[in-house]
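Rule-based calculations on the coordinates, nothing more; no lab input. Note that the structure is a prediction, hence the values are computed from the model and not measured. Virtual Cβ from ideal backbone geometry, glycine too; neighbours counted across all protein chains shown.
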Amino acid sequence: MSYCKASQGHPWHQPYHDREYGFPVRGDAALLERLALEINQAGLSWLTMLQKRDGFRKAYAGFEPEKVAAFGERQYARLLKDPGIIRNRLKVRAVAENARRLLAIRESHGSFGKWLDAHHPRSQREWERLFRETFVFTGGKIVQAFLMSTGYMKGAHDPGCPVYAKVLKKGPAWATGVRPKKLRHRSTSPSSRGA
C-alpha cells in the first residue's frame, strides 16, 4: 500500500503527508532536520520520528547547523540520556558530523539547497554515491527517503493523490520544466514510510 493511502485518517501520518511530504524544502535548518530524521528512522518506523519530532527539534537546537556542528562530548552525553529522541550513539554523532559537513557545503555552494540544486538531476545510484562521499550514515534508503521527502526525487505521492498536484504547483526539483498535465510516471512508494 502506498504512503498516500496508508496515511489517510492517521493522526500523525496524514498531516505530514498532506502538508510536508514531497514538497520542496529550503533552508539549511529544515534540510538538516529532514536528513537527521531520516538517519534516525533507520531500523524504526516513520511514526516514531513524527511522534518524537518536537523532541528532536528541542534536543538539536532547532537544527541550526552552527549550533549542532559545535556539539561535543558534553552534548552527546546529554542527548544519549534524552528520552525525547532516539538515543543511539552512532546516530547522535552522525547528526553533529553532518552539520559540520553542511557548514563546509555552505563555504563551497552557499547553502545545502544550492548544493543539492548544483548536483540535480542525478540517478538514485549517483545520489547515493555523492551522499556517501559527502555525509556520514547515509545509506541508499536514507538518501532516497530524504530526496523524495524534500522534492528532489519523484515518487512521494501517487499521481492520483490530491496532494500530488499541490506538490507540482510548488515546483519540486524533480519536476522542473514539467507541466502537471503532461507529467506521466509510475510512482514508487517509499517503503520506509510504513506505519
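A few comments on the model shown:
Residue by residue, here is whether (1) under 17 Å from the mean Cα position of the chain (by Cα); (2) surrounded by 14 or more Cβ atoms within 10 Å (Cβ to Cβ); (3) touching a residue at least 60 places away in the same chain (Cβ under 8 Å) holds:
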| residue | (1), (2), (3) |
| --- | --- |
| Ala30 | yes, yes, no |
| Leu35 | yes, yes, yes |
| Lys67 | no, yes, no |
| Pro83 | no, no, no |
| Asn98 | yes, yes, yes |
| Glu107 | no, no, no |
| Ala118 | no, no, no |
| Phe137 | yes, yes, yes |
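- Breaking point among (1) in contact with a Pro (Cβ under 9 Å, 6 or more places away or on another chain); (2) on the phi > 0 side of the Ramachandran plot, for Gly62: (1)
- Of all residues in the stretch 5-39, those satisfying the criterion of being among the aromatic types (Phe, Trp, Tyr) and either assigned to a loop (DSSP other than H, G, I, E, B) or under 25 Å from Arg100 (Cβ atoms) (or both) are Trp12, Tyr21, Phe23.
- Restricting attention to the stretch 37-49, the residues that are touching a residue at least 24 places away in the same chain (Cβ under 8 Å) and surrounded by fewer than 16 Cβ atoms within 10 Å (Cβ to Cβ) total 3.
- Unique match (being buried (at least 17 other Cβ atoms within 10 Å of the Cβ), closer than 28 Å to Lys170 by Cβ and of a type in the set (Lys, Arg)) among Lys52, Lys91: Lys52
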